[in-house]
Structures are given as C-alpha cells and as structure tokens.
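So the structure is just underneath, and the comments pick up after that.
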Amino acid sequence: MQNILVTGGCGFIGTNFIRFLLSDADFDGRIINVDKLTYAGNPQNLADIEDVFRGRYFFIMADICDPQTITDLFAKYKIDTICNFAAESHVDRSIVEPDAFIKTNIEGTFSLLEVARDHQDQLILFHHVSTDEVYGSLGSEGYFTEETPYKPNSPYSASKAASDHLVRAYHKTYGLPVTISNCSNNYGPYQFPEKLIPLMILNALEEKPLPVYGEGRNIRDWLYVSDHCKAVWKIMQDGKRGQTYNIGGRCEKANLDTVEIICDLLDEMQPRAHKRPRRDLIKFVKDRPGHDFRYAIDCSKLETELDWGPEETFESGLRKTIQWYLDHKEWVERVKSGEYLSWVKQHYEDI
Ligand code: NAD
Ligand code: TYD
C-alpha cells in the first residue's frame, strides 16, 4: 500500500487516522485525502500536516459521489488502496433529515466501489469503515459478534448497513479485495461537538445544561479514537480479504455514568470558581425516537487473529480528550462559529 485514498479525512476519525498513519505508523507512502467538507469536515485539522508532509499528503475537496473526480485521482496518484471514512455520521441528524445519509453513505459508497471495480488491476484493498450500530440494539445481555444479523434502527445505521452489504457483495461478486470494520462509539480529539462526549465537555465548560436523553440508562461501548485507528490499520495490513472485523473497547457505560464521569474529571482538572460540582448542570430531556438501548462489541476475532487490544482506559482516554479540548479553545471557537467554513471557501473553492 503506497498510495492510499482516504475519504472523509477532514472529519473526526479520518483526521486522527491520517495523523496516525503519517506520524506514528509503519507507512512511508502517500495519502490522498478526499473530503467534501460538510459541516463536519475541517481541513484546518490537518493544516500542519499539509506543511510537514509536503509530497506525501494531498488534500482534494471532492464528493465521493463524483466518480469522474475519483477516477482522475486514481490516474493522477496511482491509487492502490481506499480507506472509506466519508459519511454522514450523526444519528440525531439522520432522524431529522435522512436524505444526505442515503446519498453519501449508500450512493457514495456504491460510486466508490464502481470506480474501484474499474481499477481492479491496480487495487490492493478497499477498506470500509463502519459502525456496530448496523447490528441494532442489545438488551442487558449478550454482545455483537461478526455473525450477528444486521438489524439497524435509525436512518444512519440503516444507511451504513446498506453500504456494508454493497462492499461485501462487491467482494463476492467481483472478487474486489475488501475488508470491513464495525466499531463501537469513538471519542477523542477533533470530534465535532454534536456527539455526546465533546458536547458534554464543552457545555459543562460554558456552564450550559447537559442534556441527557431519557433517563440516561442507554449503554454505549466506548473506544478512544487512536485505538480505533490502530485497529483499522492492522486490519488493512493483515486482515483477511472479504472479512469483517468488530472493533470495541470492552468499555460499556450508561450515558448518565459517562456524563457524571466527565463532570467529575472537569471539576478536578478545571474547577469552577465557586467549586460546586458540575453534576448540577445535568438535565434530563426528551428521549431520542427509536433510541437503541445497548451496544456492546465482542472483538475477540480482532484480538486473537490480529493481536489487537485497546491501549487507553476510559479514564485515561477521557483525561486526554478533556485536556485536548481545554488546550484547543481556538479550534472550538472556529468549529462552533462555523468560521472554518468561510476559510474553506477562501482556500479551496477554486480547486
Ligand atoms: P465525521 O462526521 O466527523 O466526519 C465525516 C467526514 O466525511 C467529514 O469530514 C465530511 O466532510 C466527510 N464527508 C461527508 N460526506 C462526504 C461526501 N459525500 N464526500 C466526501 N466526504 C464527505 O464522522 P466520524 O465520526 O469521523 O466517522 C467516520 C466514519 O467512521 C464514518 O463512516 C462513521 O460511520 C464511522 N464510525 C464512526 C464512529 C464514531 O463514534 N464517530 C464509530 C464507528 C464508526
Ligand atoms: P451519540 O454521541 O450521538 O452517538 P450514537 O447515537 O451514535 O451512539 O450519542 C451517544 C449516546 O448518548 C446515545 O445513547 C444518545 C445519548 N445522547 C444524550 O443523552 N444526549 C445528547 O445530547 C447526545 C448528543 C447523545
């Protein structure tokens, strides 16, 4: 793998993945980052990388639904590998406005697969990044394995499920070299503050209410983003073609517990002037429609076959995450004001 097309590289996990690959991984090739720059994509996340890794890192503002541009990139950069992160990723948005989820997640993946099929002679791997949400919702017992039948409940998870099926079908039908990973909830630096953990950190720092859906008993299995990136890279290198790998942190937490832990860590790391605990900001709000009760990943296939395991605990990962948001106030301001979108217009509109 020498010329990797990373899609959605200006989003949360894509940014972390590109940083990992260029700075910390055993990789000396080139990365071609294609991102449409929706509200969730911020090229400033990688502005320093663009300088330091000139000649090895390239950014192209483009839509994965545009086969001509992707075809041109295959020729120009001699792409041999695709790692597909690009997606609409937020469940609440998918409930309000599902259209973009169908377009990018299903049609976009289909379009990429077709371009990949056209270049099968030069393609080493199509890795598709997906979510554990395709498996639906668990009760209080059991785990998702790679054999769990798909039963998605939100427009987001249904669109990701459809894309996974297409990727698998292109392997079975056309022999395309693919791998798929289904990961649990991520957290860490560069996450857009609409997802639970960054939203709670920033609201708490701004003395705003912390909206917990329902009674806060829904359970998520959390994984620090760099552990996800390492797993994806391992699967890309050593995973069996045509196979799916579950990635998870064995770190189940009820949402209310997660929010309380964040409050307590913030109280310790940046106490309020009046010293009262931030837990007093928690506010129970109306539940999400169709809210999946519990996600929990059995990642033993990845652990035993590819010798992967998470390096961060929930506490160490959360401390790093909180510290990152405390240290990157300018990033937070830009993202919240949407200011980076006008920067994007100035820098990339003509490309
Ligand atoms: P994100 O929303 O932060 O980033 C998505 C990126 O994709 C953005 O940069 C956006 O501009 C780009 N994008 C959207 N539509 C595009 C299009 N049509 N063409 C090109 N680029 C486009 O998402 P994330 O949290 O980084 O998630 C990345 C991937 O990982 C997604 O496929 C998601 O389903 C999957 N995933 C996420 C999590 C999680 O907890 N965040 C967990 C498991 C799997
Ligand atoms: P989220 O970060 O949106 O990820 P996902 O829905 O993909 O799991 O939400 C994580 C959990 O936190 C989920 O059970 C919904 C809940 N939640 C809240 O209670 N309040 C919030 O403001 C948000 C955004 C999520």
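The values are calculated or read from the model by the stated rules, or taken from the named source; none is laboratory data. The structure presented is a predicted model; accordingly, all values stated were derived computationally and were not measured. Cβ atoms come from the backbone with ideal geometry, glycine included; neighbour counts cover every protein chain shown. Protein only, heavy atoms only, side chains kept; ligands, DNA and RNA dropped before computing areas. Shrake-Rupley method; radii C 1.70, N 1.55, O 1.52, S 1.80 Å.
Summary table
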quantity	calculated
Evaluation of Glu88 against (1) touching an Asp or Glu at 6+ places or on another chain (Cβ under 8 Å); (2) near ligand 1 (Cβ under 10 Å from one of its atoms); (3) not polar (S, T, N, Q) (one fails), failing number	(1)
Only one of Asp132, Asp121 that is more than 14 Å from Val178 (Cβ to Cβ) and in contact with a Phe, Trp or Tyr (Cβ under 8 Å, 6 or more places away or on another chain)	Asp132
Residue check for Asp298: open to solvent by less than 50 Å² (accessible area, probe 1.4 Å), away from ligand 2 (no atom under 15 Å from the Cβ) and either out of contact with any Pro (no Cβ under 8 Å at 6 or more places or on another chain) or not hydrophobic (A, V, I, L, M, F, W, C) (or both)	yes
Failed item, numbered, when Ala116 is tested on (1) under 23 Å from His347 (Cα atoms); (2) crowded, with 23+ Cβ neighbours inside 10 Å; (3) touching a residue at least 40 places away in the same chain (Cβ under 8 Å); (4) out of contact with any Ser or Thr (no Cβ under 8 Å at 6 or more places or on another chain)	(1)
Any hit, region 202-211, residues being away from ligand 2 (no atom under 11 Å from the Cβ) and without any contact (Cβ under 8 Å) to a residue 60 or more places away in the chain	yes
Candidate set: region 159-186, residues that are more than 15 Å from Ser111 (Cα to Cα) and in a loop (DSSP other than H, G, I, E, B); chosen: the one farthest from ligand 1 (Cβ to nearest atom)	Gly175
Matching residues in region 255-291 - criterion: being assigned to a loop (DSSP other than H, G, I, E, B) and either in contact with a strand residue (DSSP E or B) (Cβ under 8 Å, 6 or more places away or on another chain) or more than 16 Å from ligand 2 (Cβ to nearest atom) (or both)	Gln270, Pro271, Arg272, Ala273, His274, Lys275, Arg276, Pro277, Lys286, Asp287, Arg288, His291
Hits in region 216-263 (condition: more than 15 Å from ligand 1 (Cβ to nearest atom) and within 23 Å of Glu315 (Cα to Cα))	Gly216, Arg217, Arg250, Ala254, Leu256, Asp257, Val259, Glu260, Ile261, Ile262, Cys263
Val178 vs. criteria within 15 Å of ligand 2 (Cβ to nearest atom) and either surrounded by 19 or more Cβ atoms within 10 Å (Cβ to Cβ) or modelled with pLDDT under 95 (or both)	no
From Gly136, Gly142, Gly188, residue being within 16 Å of ligand 2 (Cβ to nearest atom), under 19 Å from Cys251 (Cβ atoms) and either within 21 Å of the chain's Cα centre (by Cα) or open to solvent by 30 Å² or more (accessible area, probe 1.4 Å) (or both)	Gly188
Residue among Ala47, Ala40, Ala75 that alone is in contact (Cβ under 8 Å) with a residue 40 or more places away in the chain, open to solvent by 20 Å² or more (accessible area, probe 1.4 Å) and of a type in the set (Gly, Ala, Ser)	Ala40
Residue count for region 231-243, restricted to those that are assigned to a helix (DSSP H, G or I) and surrounded by 19 or more Cβ atoms within 10 Å (Cβ to Cβ)	6
